[in-house]
Each structure stands twice: as C-alpha cells, then as structure tokens.
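Peer 1: This structure is in structure tokens; I'll ask about it shortly.
What follows is calculated from the coordinates using simple rules that are stated; it is not laboratory data. Please read all numbers here as calculations on a predicted model, not as lab measurements. Cβ placement follows ideal geometry from the backbone for every residue including glycine, while neighbour counts extend to all protein chains displayed.
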Amino acid sequence: MVGAHGGQDASAWVQRWSHLVAPGASVLDVACGSGRHVRWFAQRGFRVTAVDRDAAAVAPLAGIAEIIVADIEAGPWPFTGRHFDAVIVTNYLWRERLPEVVTSVAPGGLLIYETFAAGNETVGKPSNPKFLLQPSELLRASAGLRTVAFEDGFEASPERFVQRIVAVRESPSQTPGPRRFGLVPETSPAQVKSLDSEESA
C-alpha cells in the first residue's frame, strides 16, 4: 500500500534523526510518493535513490535522484544486492517487504521508519489492519539492528496512532570505543556564534 505522505515538509521524525546519516551518504526512500524526503536529503548533499509505483508522481524528481518506478507489492524487490547508508520509510507498510527493507541497510547504516499503527482505525485512515503495525512490530522486524530510538503510541494533532524506529546496522568500529549515536544534533561553534548573533539582533 502506498499511503498518503502528508504534505510537502519532511517528517519531523526524519528531520530529528537525519543528523545520524553521514554527509554524502547514499539514501533509499521507499514508496517515496511526491518526494518530500527525496528533496530533503538531496538538498543536503546526499545521494538519493527513490522507488514508487506512481511514475507521474516521481517524474519531477528525476533531476535530483535516481528514480526507480516499480510496484514493490506486486513485483520483485528492485534492490537485491544493493545496500544504502540510510533507508527511509514513512506512511507505508507492506509486510512482505519488511525483511528486504531491513536487509538494504548497509553496515554502519541507518533505518528511519515511521508509519501508522494498530488503533488508527478508531480515528481515521488507514484503517485496514494490513496497513497498521502491531505493537512493537518494527522492533521485531529490525531485530538484527541496534535500536537507537523507538516510539509506539498516539498523537493528538492530527489524531493518529503511529510507530517509529531509528535503528543502526552496527559494523566494526574504525576507532576505539563505542560509536556515539547523538540523541540531538551537534551544534558546531560556527552555528553557535550565528545563533548568538541572531538572538542579540
């Protein structure tokens, strides 16, 4: 099911965690729709690949990303053997593809996933249980990855039940000590100076 992608702004969940994606990394946007996340990452210098079955919706994205027009529900997974530094999925669920989505995360790479959960049928659409995650389902689906953040609950504005995860496929570290997954973006000294200047203006 290709769900509605909810406006043109990048998901707040994607925005919150995109600082963990390494600069210049490869990003796969699954069921990208009109491409709000394709644009979000492309504008920040990432190498974006996007897949959707709606050729007309993705046509305007051809100049900024690798576009794959494919029905991943009826046809084969088009990325067998390929891996990406980040895999992004929002407002989309097709359970049969969850294993391939997770497998597409490269060593050291990141999965950012957010979609509707069971309970949403009481407040709106989607209401079909085929398209609603069961409690902790994303945790189970990404069991081979390290969970950095997970949410499973209800939001009031707009009303919806939602489940979200950020998970990393760990790889041998190139430096001593554990890899640090910052829970908030780091602010550089230049950014701090700029913010101070704006506040004093």
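Peer 1: Rounded to the nearest 20 debye, what is the charge dipole size of the chain about its Cα centre when +1 sits on each Lys and Arg Cβ and -1 on each Asp and Glu Cβ?
Peer 2: Dipole about the Cα centre, nearest 20: 420 debye.
Peer 1: Summing -39500 (n - 2.57) over the DSSP H runs of n ≥ 4 in the chain and dividing by its residue number, what mean residue ellipticity at 222 nm do you reach, to the nearest 500 deg cm²/dmol?
Peer 2: It comes out at -5000 deg cm²/dmol, rounded to the nearest 500.
Peer 1: A further question follows. Quick one: length gained pulling Leu139 to Glu96 fully straight, 0.36 nm per residue minus the C-alpha distance?
Peer 2: Separation in residues times 0.36 nm, less the Cα-Cα distance, equals 13.9 nm.
Peer 1: Let me ask something additional. What trypsin sites (Lys or Arg not before Pro) does the stretch 64-125 have in DSSP loop regions with at most 16 other beta carbons within 10 Å?
Peer 2: Those satisfying the criteria are Arg82.
Peer 1: A further question on this structure: Give me the one-decimal nm value for the distance between modelled label points at Glu159 and Ala22, 7 Å along each residue's Cα-to-Cβ direction.
Peer 2: Here the modelled spin labels are 4.5 nm apart.
Peer 1: Could you compute how fast the chain diffuses translationally, taking Rh as the Kirkwood radius over C-alpha pairs and applying Stokes-Einstein at 4 °C with viscosity 1.567 mPa s? Give it in µm² per second.
Peer 2: In µm²/s, the coefficient rounds to 73.
Peer 1: Relative to the longest principal Cα axis of the chain, at what angle does helix 189-200 sit, 0 to 90 degrees, rounded to 10?
Peer 2: Around 90 degrees separate the two axes.
Peer 1: Along the Cα-to-C-beta direction of Glu121, a point sits 7 Å from the Cα; which residues of the stretch 137-168 have their amide N less than 20 Å from that point?
Peer 2: So the set is 137-138, 152-155, 159-164.
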